[in-house]
Amino acid sequence: MAKWTADDIPDQSGRTVLVTGANSGLGLHTSQALVAKGARVLMACRSPERGEAAVLDVNEAAKDDGAAELVTLDLADLASVRAAAAEVRERTGDALDVLVNNAGVMATPQRTTADGFELQLGTNHIGHAALTWLLMPALRSGPHARVVTVSSLLHQRGGLDVTDLNFERRGYNGWAAYSQSKIANLLFAFELDRRARAAGLDLLSVAAHPGLSDTELTSNMMLSRGSALLAQVADFFTGLVAQSAEHGALPLLHAATAPDVTGGQFYGPDGFQQMRGHPTLVRASKQANDPGTAARLWQLTAELSGVTPDPA
């Protein structure tokens with residue numbers, strides 16, 4: 001059987017996609033591939049300067065002039081999330097076909113977001129959940145909308161504690177916090193799909209992970225710990241063992257565009273230990289598949305963020 005590649009992406013003309021973390025790595029390659037297939041892509045980036053450079057890069061591959069556009073978004077600040085969601089709704093006329101929740105931070109020192117959440121949970125999960133809920137009016141407006149939430153192989157380490165999401169009682173560990181945020185991504189994606197089905201919405205919520213891919217996550221982790229030298233070393237060794245970010249983006253692109261995708265699915269690479277390869281269906285951990293935990297997290301996320309869940 002032929003392996004799925006970016007060449008298999010259906011024509012995306014007339015479709016509007018928002019990709020978070022779009023100025024580098026998986027988000028940049030996802031944006032490039034979708035623009036090349038005719039989509040209008042809103043590239044959500046924390047840094048306006050890096051975002052503008054990425055938009056120029058992506059538009060070189062566009063079928064039409066101006067197919068990529070910049071949206072400034074800092075997922076670690078709910079005021080920025082609200083502003084970005086309002087801007088997207090206005091600029092698209094409340095018509096959004098695909099949301100790719102891709103941006104993230106990994107294994108950082110213990111820090112908090114602008115709203116006081118543990119940084120990785122706040123950025124990777126709470127910011128994306130709030131953005132998704134705030135954009136639901138735009139996602140509801142057209143046919144066959146999709147929300148793709150990006151998780152990680154490291155969700156399998158476990159560790160999500162709905163009674164202590166911000167590590168107020170537990171000793172903090174950067175890797176445990178990252179794993180918790182990636183479990184939260186899956187719980188949210190699967191719960192959104194269940195609620196969309198129950199509400200009769202024409203919307204698929206799916207998840208994906210890139211395996212072991214050569215992105216900026218590892219070097220940024222080292223930079224967050226104040227070591228530029230270790231960041232360079234991490235870049236070198238990651239490049240030796242990991243697949244390219246372009247290849248790592250394939251499960252995201254498959255989840256966002258392939259006609260055989262159904263809600264509640266999880267895609268990752270088909271190679272050894274899901275570390276590299278082409279898109280295939282993969283299994284999430286037992287905790288990530290628990291509807292009870294998902295429902296509790298959904299409610300807690302609403303309380304913490306102050307954003308009304310949609311669908312209720």
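The values are calculated or read from the model by the stated rules, or taken from the named source; none is laboratory data. This structure is a prediction, so every number in the text was calculated from the model and none was measured. Here Cβ is always computed from backbone atoms with ideal geometry, including for glycine, and neighbour counts include all displayed protein chains.
General remarks:
- Filter result for LEU153 (within 15 Å of the chain's Cα centre (by Cα), among the hydrophobic types (A, V, I, L, M, F, W, C) and either under 20 Å from HIS278 (Cα atoms) or modelled with pLDDT of 95 or more (or both)): yes
- Each residue in region 126-149 was checked for being of a type in the set (Val, Ile, Thr), under 16 Å from LEU204 (Cβ atoms) and in contact (Cβ under 8 Å) with a residue 60 or more places away in the chain, and 2 of them qualify.
- Residues that are part of a helix (DSSP H, G or I) and either within 26 Å of ALA36 (Cβ to Cβ) or in contact with a helix residue (DSSP H, G or I) (Cβ under 8 Å, 6 or more places away or on another chain) (or both), drawn from region 248-272: GLY248, LEU250, PRO251, LEU252, LEU253, HIS254, ALA255, ALA256, THR257
- Here ALA176, ALA138 are screened, and the one residue that is modelled with pLDDT of 95 or more, surrounded by 16 or more Cβ atoms within 10 Å (Cβ to Cβ), touching a helix residue (DSSP H, G or I) at 6+ places or on another chain (Cβ under 9 Å) and more than 22 Å from THR30 (Cα to Cα) is ALA176.
- Scanning region 54-75 finds one or more residues that are in contact (Cβ under 8 Å) with a residue 24 or more places away in the chain and in contact with a His (Cβ under 9 Å, 6 or more places away or on another chain).
- Number of residues in region 143-188 that are in a helix (DSSP H, G or I) and either over 30 Å from THR16 (Cβ atoms) or not hydroxyl-bearing (Ser, Thr, Tyr) (or both) equals 19.
- Here region 96-121 is the region considered, the condition is being buried (at least 21 other Cβ atoms within 10 Å of the Cβ) and of a type in the set (Gly, Ala, Ser), and the residue that is farthest from HIS155 (Cα to Cα) is ALA103.
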